[in-house]
Amino acid sequence: MDRPSRLGGVSWRRVATVTVVAMCLGYAPIAMTELWPYARPGAPAIGEWLLGRAVSPQYVADALATRIEPYRRSLVPMILHSVLGGMLMLLGPVQLLTAVRRRVRLHRTFGVVYALTVYASMAGAAVYLARTAPPEAFDGESFWLVLATILVGTTLSVTFGVLAALGRLPDLHQRWMLLCYGYLMTAPLLRLEWGALPWILPDGLPMEDVNRVAVMHLGSVVVFGALLASRSLDRRDSLPSQGGTWAPWPVLAVAHAAGAAALVLLGRSFLEHGAEGRRLLVAFLLPYAATWAVMVWRQHAAGRDGRPWALEEWRLHLTALCLAPVFSAAATVCFERYMRLDALTALSAGVGIGCGVLAFAATTAVSLRVLYAREVVRRAAPKRDGARPAESRREGVGTK
């Protein structure tokens, strides 16, 4: 497995787990009360109160003034979405802890509740998006596209996670459910950045501009967190009959070259839009570069330590990360040409969804890699009357 680093005798994995659980527990009541003032003016909203004191009441009031009509048109679906979203913030840590402690029956029970809650919450979000024209979204068409992408990614991830559980593939179930929860974590992290970024960015920026900065990197942050969690929980050094890599050095080199060319293209496009373009470019590049550096380091460490399965998974995700700018550049052209978006809006939308979409593709590739290795073992194993070969038994995540 990927050995956790330690600081003062405490593993980074434990620190990360405690941090995520604390954030989820803190955000749950904020999510559940977020839409109350739209149903009953004057009703308390914890998130608004905290954000008003972190930045200023006027900062919050200016942003929420434009939300009254779009939210009221879909108030019931939005309340359903926000209340169930708060429940998911509580159910996620419960699922993680029951899985780690191997409380199988409890984990399955809460897993059914979790999956149904995801579907119901995403249904509420889908109704809101269907009733809201893209220009009427919080900061316009780019955020509408980002929200729609998160909706699709979350729904597909939980579906694949359920199918993996039904197929008794615990390692794949774990990866898809962590990716699903990563997409859900964009909500609390976005609220956190609404309060933190105004202290870094120029004074007087409205929340819509702060939101555009945040979505430049939230996709890469949450899916990278899901990958780190998956790797820390997978203790296998290799897969049975793993064979060669699906991401050999020539493929990785081509992906790096294509990604570098796309980054240059995206960078030039951002710089054409003055101060706002430079702000969005920095918000995208810094987390992207940090993620790339960690992936390169971890795949090097896995190869050095003789852990071929860890090396393979890091390579597949690194390839996808390199191709994310290529996808973003192509999506930008499509948004500008077929949706008639202005250049900066199309660019923001393309970059905002790139890493999230390619992480989904990478998780799909990892899943197919696991299934392929198991199929090779199944076909190579000798057939026995009345017994199944030991080599064909499905492995749990915790085995080597």
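The values are calculated or read from the model by the stated rules, or taken from the named source; none is laboratory data. From a predicted model like this one, the values you see are computed outputs, not experimental measurements. When we count neighbours, we look across all protein chains shown, and the Cβ atoms used for this are built from the backbone with ideal geometry, even at glycine.
LEU316 meets the stated requirement of being within 26 Å of HIS173 (Cα to Cα) and either buried (at least 16 other Cβ atoms within 10 Å of the Cβ) or modelled with pLDDT of 95 or more (or both). May I ask you to list pairs of residues, at least six apart or on different chains, whose Cβ atoms are under 8 Å apart, with the first in the stretch 289-300 being surrounded by fewer than 14 Cβ atoms within 10 Å (Cβ to Cβ) and among the aromatic types (Phe, Trp, Tyr) and the second being assigned to a helix (DSSP H, G or I) and at pLDDT below 95? Here the result reads none, with nothing in the stretch 289-300 linked to a residue that is assigned to a helix (DSSP H, G or I) and at pLDDT below 95. Please enumerate the residues belonging to the stretch 20-54 that are closer than 14 Å to ARG191 by Cβ, among the small types (Gly, Ala, Ser) and at pLDDT 90 or above. Passing the criteria: GLY26, ALA28, ALA31, GLY47, GLY52, ALA54.
From the list ARG231, ARG212, the lone residue that is in contact (Cβ under 8 Å) with a residue 40 or more places away in the chain, among the basic types (Lys, Arg), surrounded by 14 or more Cβ atoms within 10 Å (Cβ to Cβ) and within 30 Å of GLY306 (Cβ to Cβ) is ARG231. Can you confirm whether the stretch 58-69 contains a residue that is in contact with a Gly (Cβ under 7 Å, 6 or more places away or on another chain) and among the hydrophobic types (A, V, I, L, M, F, W, C)? Among the residues of the stretch 58-69, at least one is in contact with a Gly (Cβ under 7 Å, 6 or more places away or on another chain) and among the hydrophobic types (A, V, I, L, M, F, W, C), which makes the answer yes.
Please enumerate the residues belonging to the stretch 227-258 that are touching a Ser or Thr at 6+ places or on another chain (Cβ under 8 Å), at pLDDT 95 or above and closer than 26 Å to LEU178 by Cα.
Within the stretch 227-258, the subset touching a Ser or Thr at 6+ places or on another chain (Cβ under 8 Å) is 235-236, 247, 251-252, 255.
Pick out the ones that are also at pLDDT 95 or above and you get 251-252, 255.
Across the stretch 227-258, the qualifying residues are LEU252, ALA255.
Pairing each residue of the stretch 248-260 that is closer than 20 Å to ALA289 by Cβ with any residue that is assigned to a helix (DSSP H, G or I) and β-branched (Val, Ile, Thr), provided the two are 6+ apart or on different chains, yields C-beta distances under 8 Å for LEU252/THR319; ALA255/THR319; ALA258/VAL326; GLY259/VAL326. Which of the residues belonging to the stretch 335-377 are under 15 Å from VAL221 (Cα atoms) and in contact with a Lys or Arg (Cβ under 9 Å, 6 or more places away or on another chain)? Of everything in the stretch 335-377, just one residue is under 15 Å from VAL221 (Cα atoms) and in contact with a Lys or Arg (Cβ under 9 Å, 6 or more places away or on another chain), namely GLY352.
Only one entry in ARG108, ARG131, ARG102, ARG168 is surrounded by fewer than 17 Cβ atoms within 10 Å (Cβ to Cβ), on the phi > 0 side of the Ramachandran plot and at pLDDT 90 or above, namely ARG168.
Screening LEU96, LEU25 for residues that are surrounded by 18 or more Cβ atoms within 10 Å (Cβ to Cβ), under 23 Å from GLN174 (Cβ atoms), in contact (Cβ under 8 Å) with a residue 24 or more places away in the chain and under 22 Å from the mean Cα position of the chain (by Cα) leaves exactly one candidate, LEU96.
For (1) in a loop (DSSP other than H, G, I, E, B); (2) modelled with pLDDT under 95, each residue gets a yes or a no:
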residue	(1), (2)
PRO135	no, yes
GLY161	no, no
MET177	no, no
PRO202	yes, yes
